[in-house]
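Colleague: Let me give you the structure first, and then I'll get to my questions.
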Amino acid sequence: MGSDGKSVTSLEDQKIGIRTKLAALWTGHFLLWTFGDMVSLLQEETEPVSDDLLLFVAAPLAIIQASMILFSLIGRPVAIRLASIGLGAVYTVFNLGYISEAQAGWEYLLGIGYVVVSALIIWHAWKWPEEKDIPKTQVP
C-alpha cells in the first residue's frame, strides 16, 4: 500500500533477450562513432582523410557495425556470439587507440564511451546463456 492508502501496482519487468541486447549495444556503438565523426568534422579538428583510408578502413568499419545490428537479430546464436566477441575485441583496440590520440576533453569522454560499449558487447556475448537441457520426447 502506498502512503495515501491506495494499493501500489508493480510493473512487469520483462526479460530482454540477448539478441536484442547485442543489437542495442551495436546500435549504440555505431551511433557513438557517428556522433564522434560529426563533432570532429564540425570542430574542424581533423585532417583531411585520404580516399584510401575511407575506402579500406572507415567504410568497412561502418558497414561491419551496421551489419552486426541486423546479424544480432537474425543470425545463428553461435555465430552471433563468436562475431560479437571477435569484432568487439577489434573495436576495443580501435577505441583504445582513439583514446590514446585524444586531445580535447570531449574526445576522452567519447573514447571511454566507445570502450565501455564495446566491452559490454564482448561481456554480453561471452555470458550468452546456454540452452537448458530439455529432455527430448521420443517420437513413436
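The values are calculated or read from the model by the stated rules, or taken from the named source; none is laboratory data. Every value quoted in this text rests on a predicted model; they were computed, and no experiment measured them. For neighbour counting, all protein chains shown are included, and Cβ atoms are generated from backbone atoms with ideal geometry for every residue, glycine included.
Colleague: Can you report the number of residues in the stretch 88-140 which are in a loop (DSSP other than H, G, I, E, B) and at pLDDT 90 or above?
Modeller: Looking only at that region, the number is 2.
Colleague: Any chance you could count how many residues in the stretch 105-119 are in contact with a helix residue (DSSP H, G or I) (Cβ under 8 Å, 6 or more places away or on another chain), more than 14 Å from Leu31 (Cβ to Cβ) and of a type in the set (A, V, I, L, M, F, W, C)?
Modeller: Counting residues in the stretch 105-119 that are in contact with a helix residue (DSSP H, G or I) (Cβ under 8 Å, 6 or more places away or on another chain), more than 14 Å from Leu31 (Cβ to Cβ) and of a type in the set (A, V, I, L, M, F, W, C) gives 4.
Colleague: Still on this structure, I have one more. Please state which one of Asp4, Asp52, Asp37 is modelled with pLDDT under 70, more than 26 Å from Arg81 (Cβ to Cβ) and part of a helix (DSSP H, G or I).
Modeller: None of the other options fit; the residue is Asp52.
Colleague: Related question: Could you tell me which numbered condition Gln65 fails, if it satisfies all but one of (1) modelled with pLDDT of 95 or more; (2) within 20 Å of Val116 (Cα to Cα); (3) not basic (Lys, Arg)?
Modeller: The single condition Gln65 does not satisfy is (1).
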